[in-house]
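Where a number appears in this text, it was derived from the coordinates with a stated rule and is not lab data. Values in this document were obtained by computation on a predicted structure and should not be read as measured data. Note: ideal-geometry Cβ built from the backbone for every residue, glycine included; neighbour counts use all protein chains shown.
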Amino acid sequence: MGEDKNMLLKGAMTYGLTMGIYWVIKYIFFIFSINIPVLNYVYLLLTFAVPFIAYYLTKKYREEIGGQISFFHAWRFGTMMYFFAALIVSLEHFIFYQFIAPPNFLPDVINQTLNTLKDTNIDTEIIESVGNMNFTPIHMAIQGIFNNIFYGIILSIPVAAILCKNNASGTIIQKSENE
C-alpha cells in the first residue's frame with residue numbers, strides 16, 4: 001500500500017482545521033478564566049481530551065485512506081495535524097495577548113515563573129536569563145506554535161502505535177522496499 005502524499009497533506013489540513021477550531025473554543029475558556037477562575041478547570045479538562053480527539057481524528061483518517069496505516073504515516077499525519085491546528089489557534093493567542101489580556105498579564109506570569117524557579121533552587125543564571133527576556137504578543141503566539149508542534153510530535157507516537165497495531169488485519173504494517 002503506497003502512501004498518497006497529497007492525501008496526507010489534505011487530511012492533515014482538514015483534520016487540523018477541526019482540531020484548531022476545538023483549540024480555539026478551548027482557549028476561550030482560558031481567556032474567561034481570568035475573570036471566572038472555575039473556567040480554568042473546564043479548560044484543563046478540554047486540554048486533557050486533546051490526545052483522545054487526535055486519536056479519533058487519526059482513526060477517521062485511517063478509514064478514509066482504506067483502513068490500514070503504517071506507524072510512520074500515522075505519526076506524520078498526527079504531527080502535521082497538530083501543526084495546522086497550532087497555526088489556527090495562534091491567531092487567537094496573538095489577539096488575546098495583544099488586545100484582551102490585562103496590561104500586566106505577561107509581566108505577572110513572568111514574575112510567577114521567576115518566583116517558582118527561585119523556590120526550586122534553579123541556577124541563578126537561568127533565572128536571570130528568563131528575567132531578561134522580553135515577551136511580546138507575537139513572541140507568545142510563535143512560542144505557542146512551537147509548543148503545540150512539540151506536543152504533537154510526542155503525543156502522536158502513542159496514537160500512531162495504537163492505530164497501526166489496530167489495523168483491519170490486526171498487524172503492524174511494515175513498509176517494504178517496493179512501496
**Request:** For the stretch 146-161 and the stretch 22-67, write down the distance between their C-alpha centroids in whole Å.
**Result:** 14 Å
**Request:** Report the extension gain between F135 and E64 in nm, rounded to one decimal, defined as 0.36 nm multiplied by the number of residues separating them, less their alpha carbon distance.
**Result:** 21.4 nm
**Asked** With the radius of gyration and the Kirkwood radius both derived from the Cα set of the stretch 12-59, what is their ratio Rg to Rh?
**Response** 1.06
**Item:** Sum of -39500 (n - 2.57) over DSSP H runs of 4+, divided by residues of the chain (222 nm, nearest 500)
**Value:** -25000 deg cm²/dmol
**Request:** Enumerate the calculated ³J(HN,Hα) couplings along the stretch 51-64 in order (Karplus 6.51 cos²θ - 1.76 cosθ + 1.60, θ = phi - 60°), each rounded to whole Hz, writing x wherever the residue is Gly or Pro.
**Result:** x, 6, 5, 4, 4, 4, 5, 5, 5, 4, 5, 4, 5, 5
**Fill in**
Computed over the stretch 1-101, the distribution of all Cα-Cα distances in 5 Å bins, rounded to whole %, is 3, 13, 21, 20, 15, 11, 8, 5, 3, 1, 0
**Residues H139, H73, sorted so that the one with the fewest Cβ neighbours within 10 Å comes first** = H139, H73
**Message:** Run the numbers for T116 and L39: contour at 0.36 nm per residue of separation, minus the present Cα-Cα distance, in nm.
**Reply:** 25.4 nm
**Asked** Taking the C-alpha atoms of the chain, how large are the radius of gyration and the largest Cα-Cα span, Dmax, in Å?
**Response** 19.5, 59
**Request:** May I have the count of lysine pairs in the chain with C-alpha atoms under 16 Å apart, counting pairs 8 or more residues apart or located on different chains?
**Result:** 6
**Item:** Additional length obtainable on full extension of the chain from F150 to A49, 0.36 nm per residue less Cα span
**Value:** 34.6 nm
